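Below is one structure; the comments refer to it alone.
A short reminder: the numbers here are calculations on the coordinates, not readings from a lab. Everything numeric here is computed off the predicted structure, so don't read it as measured data.
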């Protein structure tokens, strides 16, 4: 019996120490290092104008006005509107997927004053896996530039210049693709070209 209580006491102490280490000390240390070395990223990569939070560069937001660039289609609600995450989950042979993409492509062409057979970037009509991708390709942004310029009374070249200004390069020059963050681009439009 004495051995049982000794083993039980050691087990309780070991579990308590591990709980303290893994549930208190480690999370606090991780949070502290994040706040010290990467404060913007650790707090959600939020864009602010003074004290006003404009949004996060990590999560797509819906922009419906013709005077703004539009993000990729989403199968879920966007940030600030009961945000969730998920895709359409339809296979490449799904008739529903094909019909949805054809409809989305014709709407995209009509919305951006593109000719009926014009080739459009695939991400202009397809959702990302999470449905909350904050980026579009430079080609998608260029396809929308004419609509945005017309809605704002600007030249298309001015809008294309803003796209070049906010375009993000490949990480380390080799990883990923060049992309444009829709929130940053739309904020640059509203701030006369000033990139936040």
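Checking each residue in the stretch 101-118 for being closer than 21 Å to residue 149 by Cα, assigned to a loop (DSSP other than H, G, I, E, B) and more than 24 Å from the chain's Cα centre (by Cα) picks out 113, 114, 115, 116, 118. Working only within the stretch 138-165, note down all residues that are within 20 Å of the chain's Cα centre (by Cα) and either more than 26 Å from residue 107 (Cα to Cα) or assigned to a loop (DSSP other than H, G, I, E, B) (or both). If the condition is that a residue be within 20 Å of the chain's Cα centre (by Cα) and either more than 26 Å from residue 107 (Cα to Cα) or assigned to a loop (DSSP other than H, G, I, E, B) (or both), then 165 is the only one that fits.
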